[in-house]
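Scroll down for the structure; my scribbles are underneath it.
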Amino acid sequence: MSSTTSAPVITTDKLTKRFGQFIAANELTFQVAKGEIFGFLGANGAGKTTAMRMLCGLLKPSSGKATIAGYDVYTQTEKIKRSIGYMSQKFSLYDDLTVAENIRFYAGIYGMSRPAIKEKTAQLLKELQLEKEAKTLVSELPLGWKQKLSFSVSIVHDPDIVFLDEPTGGVDPVTRRQFWDLIYHASDRGVTVFVTTHYMDEAEYCNRVSIMVDGVVAALDSPTRLKQQFGRDNMEDVFYELARKATRKAD
Amino acid sequence: MKQLLTFIRKEFLHVFRDRKTLLMLFGLPIAQIVLFGFALSNEVKNSRIAVTDYSKDPVTTQLIDKISSSSYFNIQRNLNSAQQIDAAFKKGDIRMAVIFPANFSTDLTHTGKATIQVIADASDPNLATTITNYITRIVGDFNTQSELSTGQPLQILPEVQMLYNPELKGAPNFVPGVMALVLMLVCTMMTSVAIVKEKELGTMEILLVSPFKPIYIIISKLTPNLLISVVNLFVILVLSALFLDLHVKGSTLLLIFCSILFILTSLSIGLLLSINAKTQQSAMMASLMGMMLPTMLLTGFLFPIENMPWPMQVLANLVPSRWYFIIVKRVMLKGMGFGAVWKETLILAGMCLALFAISLRRFKIRLQ
């Protein structure tokens, strides 16, 4: 799978965020194409979260430009919010609600109509093979299922882009592999996936990877070409090569 | 609007799924009423009192017999001086002293009027009021009976003196205090915990990334708590009417209006706490320590505010429950109308608005 030729869904141009004297994200410039799986790597404190928050419309940039799904991050945050999905490291499901109630809730706050929610719920449960568990409390689900459900819920409203913030933190390799199957599936349907991770095997699954060091994008290319460029066998070494140059402390 | 309803529905699910908390929420007012109403009953039996008779005549003997025959008192007759009585009070050996002065019988025979001294330990104002009332009633009965049997008008007047807490502030009833306490606790704690829970779970981020408006999040969080609190209010009022024979003397509508104002104020405090708290536990602790203690101490329900040193009095003015307590006492116990409580209502409304505005602002700032 490679980047399609259609117009990019995420573009940033010298996007910068300063907190006082501290420059958390410095002149980020990149583009992400529709349907692409874009890995966003960086050590803790490198500025990943700040960048992601700007792209989600949660944080106003200090300078630079960025559009998400064609909407401006300064002026059209409400429209951006409708076009994106978000999943964090914490599963973002309500333990005391059932599987179906969670799906219904998240679909509901995106303003989906009742029949649409019903249809989507049925479809999701079928895809995840959770039909029998529709009325089970999420707290009773195994971790892997929770995670898959969480991902499905984050794209329940068919967003153009889904932001995944370390979605596989603390999960075993088998479940992680299954989780990535879901990501590929979504990407095939044209959903752009913007994912941060600390797992380098996951970085290999991405179409393109950017590595942030001290607030700037230090490298950006496909995993294969990055390995060639740095003359390394795996992404782990590439990442280490770049990240150890960091002068900033992790937060 | 539909989004809002979805959210509110979810909040109710949270509340109803959490059986333990639900039980606590509705159990709290019932437990408080039962505790204060029955366990700490106003009816006093076998209260230790001292009777000192300096007069020693047939009338005093008769009256003392009458007092001792009632089941309310347990008489100790061995205290024969003011010092002894004083010491007994200080040690807490006696709750009340009834003293017949030496000139009691001369006064009675010459003028038909005599006084007895009743001194009560008012450090427990409820008890002091109750037992002095008993004595007054017994003496009153005695007067009437004597008049009927002898045809002579007899006036023995008990001169009541309250020791330690002469004004008996905070005494008349505990229900306004319980109302303030329960509403404050439930609203503040539940709200702060409900919002911090979303932060802890990580769901707050999702909500902030979604097009769902922050003000809707606040409204949804507040709605179930508001409803629960209104139900609690009615439970307290009904329980008081049924079991404590305490009815709302003034306008129930006014009482409900002011209560909702107080509930909204408490909800806003909960909101404010939740913005700073990072974990549910710290939110809970902040509500308990930050809200329950000031409510208990500075409302005037356990301890009279007038007796406090002035810095405490100033502090008490900042506690919303203080004003609510005054409103409830006036409307519920004394039957006064809006004219008597408009000032307190205004203060409460001002606090409510200010707190809500601040928490709303802070809530939005956090999103940036």
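Results, tabulated for the structure shown:
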read-out	value
Percent of beta bridges antiparallel (DSSP, the range B:47-163, rounded to nearest 5)	20 percent
Per residue, in Å², the accessible surface of chain B once ligands and nucleic acids are set aside, probe 1.4 Å	47 Å²
For the protein assembly as shown, share of DSSP beta bridges that run antiparallel, in % to the nearest 5	40 percent
Reachable lysines from A:K126, criterion Cα separation under 17 angstrom, eight or more residues apart if same chain	A:K118, A:K135, A:K146, A:K148
Total charge dipole magnitude, the protein assembly as shown, about the Cα centre, Cβ charges on Lys, Arg, Asp, Glu only, Debye to nearest 20	1200 debye
Cross-link reach list, lysines versus B:K334, counting only Cα pairs under 26 Å and skipping chain neighbours closer than eight places	B:K169, B:K249, B:K343
Net charge of Cβ neighbours under 9 Å - reference B:L271; Lys, Arg +1; Asp, Glu -1	+2
Cα-centre dipole for chain A with unit charges at Cβ (Lys and Arg positive, Asp and Glu negative), debye to 20	640 debye
Delta accessible area of at least 20 Å² on complex formation, residues of the range A:64-88, 1.4 Å probe, chain isolated as reference	A:E78, A:K81, A:R82, A:Y86, A:S88
Estimated dipole of the range B:47-163 in Debye, rounded to 20 [Cβ of Lys and Arg +1, of Asp and Glu -1, Cα centre]	200 debye
Chain A - accessible surface per residue (Å², probe 1.4 Å)	45 Å²
Among the listed pairs B:K197/B:K278; A:K90/B:K199; B:K2/B:K221; A:K132/B:K199, those beyond 18 Å (Cα-Cα)	A:K132/B:K199
Förster radius 41 Å - calculated FRET efficiency between B:L318 and A:E140 (Cβ-Cβ, nearest 0.05)	0.35
Mean separation of Cα contacts under 8 Å (6+ apart) over length of the range A:1-115, as relative contact order %	23 percent
Beta bridges by DSSP in chain B, antiparallel share as percent, to the nearest 5	20 percent
Linear extension gain, B:L253 paired with B:N80, 0.36 nm per residue minus alpha-carbon span	56.8 nm
Computed [θ] at 222 nm, deg cm²/dmol, the protein assembly as shown (DSSP H ≥ 4; -39,500 (n - 2.57); rounded to nearest 500)	-17000 deg cm²/dmol
Sulfur and carbon atoms: percent of accessible area, the protein assembly as shown [1.4 Å]	58 percent
Solvent-accessible area buried by pairing A with B, both sides, nearest 100 square angstrom, 1.4 angstrom probe	2500 Å²
Exposed-loop-free span, longest in chain B, where GluC sites (Glu not before Pro) count as exposed if DSSP calls them loop and at most 16 other C-beta atoms lie within 10 Å	B:168-368
Peptide B:4-11 - average C-beta neighbours from other chains (10 Å radius)	4
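The values are calculated or read from the model by the stated rules, or taken from the named source; none is laboratory data. Just so you know, these numbers come straight off a predicted model, no measurement behind them. Here the Cβ is made from the backbone with ideal geometry for all residues, glycine too, and neighbour counts use every protein chain on show. Just the protein is used for accessible areas: all its heavy atoms, side chains included, with ligands, DNA and RNA removed. Shrake-Rupley method; radii C 1.70, N 1.55, O 1.52, S 1.80 Å.
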